[in-house]
Amino acid sequence: MAIFQPVRGMHDFLPKEAYRFSCLIEQGRTLARHYGFHEIQTPILEKAEVFSRPLGESSDVVGKEMYLLTDRGGEILALRPEGTASVVRAFLSNGLTDTLPFKEFYTGPMFRYERPQKGRYRQFHQIGIENLGESSPWSDAESIFLAQQYLKSIQIEAFLEINTLGDAASRAAYKEALVAYFKEKRTTLSALSLKRLEQNPLRILDSKEPEDQDIIQQAPTLEAFLTSEARTFFETLCTGLKTLGIAYRQNPRLVRGLDYYTHTVFEFVPPSGEGGTLLAGGHYDHLVELMGGPKMSGFGWAAGLERLSLAACPMGAMERSIAVITVNFNSEAYTCARLLRDQGYIVEVFSGKDFGKLLKKADRNQARYAVILGEEEINTATVSIKDLDNRIQERVPLASLKEFSKPL
Ligand code: HAM
């Protein structure tokens, strides 16, 4: 019978990768806690409306990429494509609007029906934060600083690009100017962009179609249409970033693919520009209200763990361990293992006739030391300890393992 394969774009995480993931998550979780973000977990399945309006009916994520299913009760559900709308839903449905600011850290699988390629999957994992109820650009700058500190802590070099999408009034004026401009170019625009011209003209700026590139380059930028409030907001954010020592580049073409953003949007991209955005997010003024809550601002970001894992080369080498090697499983072997584990070491017991093979197994499993229990050792209540990095071996009393103090 043919062996089942996983669904296209979805992966198993074998121990090395799973361990790397847990290191990346733990690092983010600990750092976020230092900035007052506490962990929240929301269900993987939500009602589809949680995402469709908030992310934008015309966005790729909602229009083309959501995994939708109808449950046995006839309800239309979606496998969550991102975390922000889920966190806002949880904030509102748990009645937490009086406990502000609501600062949450989250991690977990997300699903998008995209064309799989390196760094882009149909089930991928995000790590992210949301800060609801704080509307100052200073607080936004601090959340960007947290993102930068996180990337640094996992030894990823990335460059920050920022832009402002302005407030509702700036956007309305800009949209009008953009529509007028693109209408003039109607005959040369791609079919996809023509469709977007009707639905969401701002998204044309995000087009990857070759025939649109020149037109996009010449298009008016939002900057000229910013209201004075929106301009001040952005200038304060930039002051905040400078105060915190964060280098950035303003990219007026950065619009992002989700509709809920207002004011600041940002992305951390690898210096080579290859491999896709590592971490991205922004400010949102209307999302909470749109989802049935009070008027309040929010800010957040999310990073794709698979992309971080690809970029963070030196991170998450498996932890070293100690292998107890013996001829037949016996009580001495388990006594050794217990004594060592009591002191916090990772220990595995291997038994077999061929010690050469057992030592190879220990090496493969990242052991730093092999505690060898042959017949002679057992008869004399001793163990031989072999350092597997420099192959030096010594014999010590078994009882001395109570105070084994070698670093791994
Ligand atoms: P996003 O830009 O759609 O934003 O995704 C954030 C990050 O998730 C991306 O920069 C990328 O690293 C990763 N990612 C997205 N799609 C895939 C995929 N198919 N395969 C692998 N990695 C992927 C959001 O999701 C927003 N919720 C971020 C946010 C939080 N904005 C405000 N708060």
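The values are calculated or read from the model by the stated rules, or taken from the named source; none is laboratory data. These numbers were taken from a predicted model, which means no experiment stands behind them. Cβ: placed from backbone, ideal geometry, glycine included. Neighbour counts: every protein chain shown. Just the protein is used for accessible areas: all its heavy atoms, side chains included, with ligands, DNA and RNA removed. Shrake-Rupley method; radii C 1.70, N 1.55, O 1.52, S 1.80 Å.
Using packing as a proxy for protection, rank 22-32, 66-76, 288-298 so that the peptide with the highest average count of other Cβ atoms within 10 Å comes first. Before the final figure, lay out the partial values.
Numbers: 22-32: 18.1, 66-76: 11.0, 288-298: 16.5.
Taking the mean over residues of other Cβ atoms within 10 Å, the ranking is 22-32, 288-298, 66-76.
Relative contact order for segment 321-403: what is it in percent, counting Cα pairs under 8 Å that are at least 6 residues apart? Reported relative contact order: 31 percent. Taking Arg115, Arg203, Arg338 in turn, the Gaussian network model of the chain (Cα-Cα springs below 10 Å) assigns the largest fluctuation to Arg338. For Phe350, the shell of other residues with beta-carbons less than 12 Å away shows a net charge of +2, using +1 for Lys and Arg and -1 for Asp and Glu.
Give the shape of segment 1-73 as rounded, prolate or oblate, defined through the alpha-carbon gyration tensor: a ≥ b ≥ c are the square roots of its eigenvalues, a/c under 1.5 means rounded, and otherwise the shape is prolate if a/b is larger than b/c and oblate if not. It would help to have the intermediate numbers written out before the result.
Details: a/c = 2.26, a/b = 1.13, b/c = 2.00.
Here segment 1-73 falls in the oblate category.
Extension gain for Ala191-Gln149 works out to 11.0 nm (0.36 nm per residue, less the C-alpha to C-alpha distance).
Number of Lys-Lys pairs in segment 92-188 with C-alpha atoms under 27 Å apart and a separation of 8 or more places or on different chains: 4. For Leu69 and Arg33, what is the calculated FRET efficiency with R₀ set at 30 Å and r taken between the beta-carbons, to the nearest 0.05? FRET efficiency, Leu69 to Arg33: 0.30. Helix screen, the chain: no DSSP H segment has Cα axial length of 27 Å or more and mean Kyte-Doolittle hydropathy at least 1.6.
Could you do me a favour and compute the accessible area per residue for segment 249-408, 1.4 Å probe, result in Å²? Please list the in-between numbers first.
Values: 7450 Å² over 160 residues.
Accessible area per residue, segment 249-408: 47 Å².
For segment 321-403, with all protein chains present and a 1.4 Å probe, just round the carbon and sulfur fraction of the accessible area to a whole percent. Before the final figure, lay out each step's value.
Numbers: 2230 of 4500 Å².
That fraction is 50 percent.
Between Arg231 and Asp363, the distance separating the two model label sites (each 7 Å from Cα on the Cα→Cβ line) works out to 6.8 nm. Each DSSP beta bridge with both residues in the chain is either parallel or antiparallel, and the antiparallel ones are about 75%.
Is the shape of segment 321-403 best called rounded, prolate or oblate, per the rule: a/c under 1.5 gives rounded, else a/b larger than b/c gives prolate, else oblate, with a ≥ b ≥ c the square roots of the Cα gyration tensor eigenvalues? Rounded.
For segment 180-233, which GluC sites (Glu not before Pro) are both in a DSSP coil and crowded by at most 11 other Cβ atoms within 10 Å? Show your work: numbers first, answer last.
Values: sites: Glu184, Glu198, Glu211, Glu223, Glu229; in loops: none.
Hits after loop and neighbour filter: nothing returned.
Can you give the Rg to Rh ratio for the chain, taking only C-alpha atoms and Rh from Kirkwood?
Details: Rg = 27.2 Å, Rh = 24.6 Å.
On the Cα set of the chain, Rg over Rh gives 1.11.
Among DSSP beta bridges whose residues both lie in segment 321-403, state the antiparallel percentage, nearest 5. Approximately 45 percent, going by the DSSP bridge assignments.
Is the shape of segment 194-285 best called rounded, prolate or oblate, per the rule: a/c under 1.5 gives rounded, else a/b larger than b/c gives prolate, else oblate, with a ≥ b ≥ c the square roots of the Cα gyration tensor eigenvalues? Mind showing how you got there, number by number?
Values: a/c = 1.88, a/b = 1.30, b/c = 1.45.
Oblate, because a/c is 1.5 or more while a/b does not exceed b/c.
What pairs from Lys357/Lys406; Lys47/Lys195; Lys16/Lys361; Lys16/Lys360; Lys64/Lys208 go past 20 Å between their alpha carbons?
Lys357/Lys406; Lys47/Lys195
The distance separating the Cα centre of segment 17-35 from that of segment 134-181 comes to 24 Å.
Spin-label model, Phe4/Phe329: points 7 Å from Cα along the beta carbon direction are separated by 2.9 nm.
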